[in-house]
There are 2 protein chains.
Amino acid sequence: MPGQLHEHTPVRGDKCAIWTDRLAVRFKNRRPIGIHVGHHVLGELGSLLRDAGAGASRIGAVTNTVVAHHYLPPVIKGLERAGYTACPIIIPDGEAEKNLERVGWLCGEWLGAGLDRSSMVVALGGGVIGDLAGFAAATYLRGIGFVQVPTTLLAMVDAAIGGKTAVNHPMAKNIIGAFHQPLLVLEDLATLETLPERQWRDGLAEVVKTAIILDADLFLYLEQNAEDILRRRPESVRHIVVTCAGHKARIVAEDETESGLRALLNYGHTLGHCIEALTGYEEWSHGEAVSAGMAAAARLARLLGLCGKEEAERQRALLESFGLPTRLPRLDPEALMRTLYHDKKTRDGKLRFVLSPAIGQARMLEGVEEDLIRKVLAGQ
Amino acid sequence: MPGQLHEHTPVRGDKCAIWTDRLAVRFKNRRPIGIHVGHHVLGELGSLLRDAGAGASRIGAVTNTVVAHHYLPPVIKGLERAGYTACPIIIPDGEAEKNLERVGWLCGEWLGAGLDRSSMVVALGGGVIGDLAGFAAATYLRGIGFVQVPTTLLAMVDAAIGGKTAVNHPMAKNIIGAFHQPLLVLEDLATLETLPERQWRDGLAEVVKTAIILDADLFLYLEQNAEDILRRRPESVRHIVVTCAGHKARIVAEDETESGLRALLNYGHTLGHCIEALTGYEEWSHGEAVSAGMAAAARLARLLGLCGKEEAERQRALLESFGLPTRLPRLDPEALMRTLYHDKKTRDGKLRFVLSPAIGQARMLEGVEEDLIRKVLAGQ
């Protein structure tokens with residue numbers, strides 16, 4: 001359901017800010033969290049913050065070297081135009097930065113820059129920046145406001161929406177974190193034009209996930225428009241971002257702290273996180289790990305008689321058409337099992353998996369037998 | 001207002017668990033957080049948790065070497081008797097432990113011990129343990145339940161009640177933290193018998209603070225019973241703990257996240273935190289720093305014409321009768337001013353101080369002139 005054009009505002013040079021959609025996370029009895037989607041809209045952040053009533057004077061913008069090169073200047077300019085003092089911090093690129101040491105360092109930088117309880121943080125970048133800067137904002141002075149400005153497909157359709165923030169521990173991913181809702185989310189589809197191929201596919205893994213667990217129509221759209229999507233045709237990009245962001249917004253509004261429904265979004269993630277942990281968060285990207293995790297979850301569902309062969313096959317085929325892996329890497333099965341038991345979703349020592357009985361549907365299965373899991377891990 | 005004896009339950013050997021009072025933090029529309037006060041009641045933790053409906057199987061008990069020696073065994077026994085699996089972690093004693101590295105280490109230990117989202121953490125010790133273990137519980141797996149079992153006067157009357165958790169940053173105290181309410185608070189007055197003299201006085205600083213800002217009757221009681229209090233006579237101990245814990249519970253229930261009223265509890269803390277930071281959190285204890293901070297705040301109030309000479313003098317005299325310092329240490333005034341501006345309560349670069357116009361009353365003053373503060377820092 002692509003939205004409508006709302007307005008055209010000149011921003012800089014020949015680039016025009018074009019709003020394509022405005023979504024929102026609508027929690028009960030709380031101000032909705034706007035998700036603003038458009039083209040060349042980074043320069044609008046300052047005025048969006050003013051509209052949202054952010055009285056902050058200092059804004060700590062956190063980004064990485066790669067994103068800063070392309071997109072930090074318009075953000076800074078827009079903030080300053082709206083009367084804010086921007087305090088940019090640029091960290092190296094990569095998942096390795098998502099750790100507690102970096103959180104402590106960020107807080108020190110913010111103290112030095114004079115950020116106080118009335119200040120805000122802007123997370124400009126992909127999931128790593130959003131998770132890291134969001135968690136630092138959640139804990140700095142016991143929590144200051146922050147804004148998500150995702151610049152990757154993965155962050156736009158998933159990570160930037162819903163208030164989950166976290167850093168990794170050497171023993172497991174995202175194990176230290178907080179629920180901290182952003183004041184607003186600003187998604188500039190134009191930033192996706194410079195996204196490296198591998199990160200584009202990473203985001204597609206989350207798009208496929210959304211389709212499998214929630215939206216059979218989207219799944220069909222992905223199958224039928226795979227070529228356009230791989231080429232990042234603007235209409236396709238817009239369709240998948242707006243559709244997936246909308247699903248995510250609806251689900252987190254219903255279940256903010258993952259007591260039920262929201263856990264379904266972890267389809268493929270239980271095994272995915274293990275793959276990432278056991279390969280040192282380097283070799284496999286998040287999307288690739290989740291893709292292999294989804295394919296394994298589909299095999300597990302089939303072994304359990306929960307879905308037919310065709311359902312599992314369609315999942316595998318779509319993932320592969322996007323160049324995503326559907327086989328687990330060679331890992332010590334015992335180490336994998338141990339890591340599985342460390343998953344955040346484990347309760348009272350029982351393994352829990354999200355499984356899909358049919359395209360567009362998902363449910364949580366608790367107490368899956370270890371033998372079956374070992375079979376799936378062995379690639380059967 | 002000491003409460004009534006509720007029940008007598010034999011616990012171990014010749015020691016009987018004696019409940020003296022039950023208070024609660026009563027947030028609107030939420031389950032009240034019980035504050036259970038008694039003598040020799042550590043062994044009751046397990047059954048209190050069962051009564052509170054804690055379905056956890058594993059309990060990560062965090063304490064330090066000193067407290068563990070005296071009080072870990074009855075806690076563990078009580079937990080096991082109630083059917084819980086206790087996973088004790090003992091860290092070194094001291095404020096130096098309250099840092100992000102220790103939080104990461106704790107989370108690793110908990111992962112290793114199999115603590116999951118249904119698990120709970122018990123913080124057994126003083127303010128350092130409560131703040132550290134509480135913050136780790138607030139962020140482990142994005143937050144698991146925890147229980148405060150304070151064993152110092154300071155923690156019983158203040159730190160353990162209200163859900164503030166935090167660790168220090170080399171640049172400032174408690175700068176990284178979270179609001180995370182405990183499931184319940186268990187205060188065993190018998191643990192105060194082994195408290196070192198200096199830590200006893202530390203707690204008295206917070207008791208005096210409570211009296212100055214909220215309770216003129218308590219202030220009079222402290223003046224008239226100073227001797228008994230210094231000797232830790234059981235009836236006096238019980239009176240000050242129950243009175244102060246009751247005040248704290250009432251205030252945090254009205255203002256959980258310190259948007260107004262709760263900030264008054266920081267009387268003496270603005271300067272106190274600076275003293276601690278500039279002396280490396282070692283030389284001055286928290287209570288000593290707060291005591292000097294309160295005396296300075298009284299001088300500032302007098303300079304501003306907000307209170308009379310007698311009011312300030314009574315504060316100084318009571319603090320000194322408890323052996324607490326009322327003069328600031330020799331510190332570089334410029335360094336002190338810079339640290340003041342880093343205080344968590346600073347907003348938009350304006351210095352804010354809690355001041356007391358009369359014993360039993362307090363209010364927040366914003367934009368206090370730097371010149372006046374410099375005079376007070378110079379000891380005038």
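Which percent, to the nearest 5, of DSSP beta bridges fully inside segment A:7-194 are antiparallel?
Beta bridges within segment A:7-194, antiparallel portion: roughly 40 percent.
How long are the semi-axes of the ellipsoid equivalent to segment B:7-194, from square roots of 5 times the Cα gyration tensor eigenvalues, in whole Å, largest first?
After diagonalising the Cα gyration tensor, the semi-axes are 24, 17, 17 Å.
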**Request:** Evaluate peptide B:102-111: per residue, the Cβ atoms of other protein chains within 10 Å of its Cβ; return the mean as an integer.
**Result:** 4
**Asked** Where the eigenvalues come from the Cα gyration tensor of the protein assembly as shown, what are the semi-axes √(5λ) of the equivalent ellipsoid, largest first, in whole Å?
**Response** 49, 33, 19
**Request:** Would you mind pulling out the separation of the Cα centroids of segment A:230-250 and segment B:123-162, in Å?
**Result:** 44 Å
**Complete:** So, with points 7 Å from each Cα along the Cβ direction, the B:ASN29-B:ASP371 label distance in nm works out to 4.9 nm
**Message:** Spelling out what I want: for every residue of segment B:353-366, take phi, set θ = phi - 60°, compute 6.51 cos²θ - 1.76 cosθ + 1.60 (Karplus), and round to whole Hz; glycine and proline get x.
**Reply:** 10, 7, 10, 10, x, 7, 4, x, 9, 7, 8, 8, 10, 9
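What does the average come to when, for each residue of peptide A:164-175, you count the partner chain Cβ atoms lying within 10 Å of its Cβ? Walk me through the numbers on the way to the answer.
On the way: counts 1, 2, 3, 2, 0, 7, 3, 7, 4, 0, 2, 9.
Shielding by partners across A:164-175 averages 3.
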**Prompt:** So, in Å, what gap is there between the alpha-carbon centers of segment B:62-78 and segment B:278-320?
**Reply:** 35 Å
**Request:** Over all directions, average the projected area of the Cα convex hull of segment A:261-380 and note it in nm².
**Result:** 6.8 nm²
**Message:** Can you give me the % of accessible surface on segment B:7-194 that is carbon or sulfur? Probe 1.4 Å, all protein chains present, nothing else counted.
**Reply:** 53 percent
**Message:** Amide H of B:PHE27 versus every other amide H placed in the peptide plane: which residues, excluding those fewer than 5 positions away on the same chain, fall under 5 Å?
**Reply:** B:ILE33
**Asked** Are any of the pairs A:LYS350/A:LYS375; B:LYS173/B:LYS350; B:LYS173/B:LYS375 more than 21 Å apart by Cα-Cα distance, and if so, which?
**Response** B:LYS173/B:LYS375
**Prompt:** Any idea what diffusion coefficient segment A:21-103 gets from Stokes-Einstein, in µm²/s, Kirkwood Rh on alpha carbon pairs, 37 °C, 0.692 mPa s?
**Reply:** 227 µm²/s
**Request:** Place the peptides A:326-339, A:218-231 in order of packing, highest mean first, counting for every residue the other Cβ atoms within 10 Å and averaging per peptide.
**Result:** A:218-231, A:326-339
**Complete:** Taking placed amide H atoms and a strict 5 Å upper bound, the residues 5 or more places from A:PHE146 or on another chain that come that close are A:VAL121, A:LEU183
**Request:** For segment A:211-377, give the percent of accessible area contributed by carbon and sulfur heavy atoms, probe 1.4 Å, rounded to a whole number.
**Result:** 47 percent
**Prompt:** What is the interface area between chains B and A, defined as buried accessible area summed over both chains with a 1.4 Å probe, reported in Å² to the nearest 100?
**Reply:** 3200 Å²
**Prompt:** Counting alpha carbon pairs within less than 8 Å and at least 6 residues apart, what relative contact order, in whole percent, applies to chain B?
**Reply:** 14 percent
**Kirkwood-Stokes translational diffusion coefficient of chain B, alpha-carbon pairs, 10 °C, 1.306 mPa s, µm²/s** = 76 µm²/s
**Request:** Determine the percent antiparallel among the DSSP beta bridges restricted to the protein assembly as shown, to the nearest 5.
**Result:** 50 percent
**Fill in**
In nanometres, the difference between 0.36 nm per residue of separation and the alpha-carbon distance of B:ALA226 and B:THR257 is 7.8 nm
**Request:** Compute the accessible area of each residue in segment A:128-145 twice, once for its chain alone and once with every protein chain present, using a 1.4 Å probe on heavy atoms, and list those whose area falls by at least 40 Å².
**Result:** A:THR139, A:LEU141, A:ARG142
**Request:** Before rounding to the nearest 500, sum -39500 (n - 2.57) across all DSSP H runs of length at least 4 in chain B and divide by the residue total; then give [θ] at 222 nm in deg cm²/dmol.
**Result:** -13500 deg cm²/dmol
**Prompt:** Using a 1.4 Å probe, what is the accessible area per residue for segment B:7-194, in Å²?
**Reply:** 32 Å²
**Complete:** Inter-chain shielding metric for B:112-120, i.e. average beta-carbon neighbours from other chains within 10 angstrom, reads 4
**Prompt:** Taking the Cα centre of chain A as origin and charging only Cβ (+1 Lys, Arg; -1 Asp, Glu), how large is the dipole, in debye to the nearest 20?
**Reply:** 700 debye
**Asked** Hey, got a sec? Which GluC sites (Glu not before Pro) in segment B:262-323 land in a DSSP loop and have at most 15 other Cβ atoms within 10 Å?
**Response** B:GLU282, B:GLU283
**Cα→Cβ-extended label distance, 7 Å offset, between B:ARG50 and A:GLU334, nm** = 3.8 nm
**Complete:** So, in nm and shortest first, the distances from A:ARG81 to its counterparts in the other copies, with label points 7 Å along Cα→Cβ, work out as 7.0
**Request:** With chain A rotated onto chain B, spot the residue of A whose Cβ lies nearest the axis and note the distance in whole Å.
**Result:** A:LEU100, 3
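The values are calculated or read from the model by the stated rules, or taken from the named source; none is laboratory data. Since the model is a prediction, treat every value here as computed from it, not as a measurement. No Cβ is skipped: glycine too gets one built from the backbone with ideal geometry, and neighbour counts run over all protein chains shown. We work out accessible area using only protein heavy atoms, side chains counted, and drop any ligands, DNA or RNA first. Shrake-Rupley method; radii C 1.70, N 1.55, O 1.52, S 1.80 Å.
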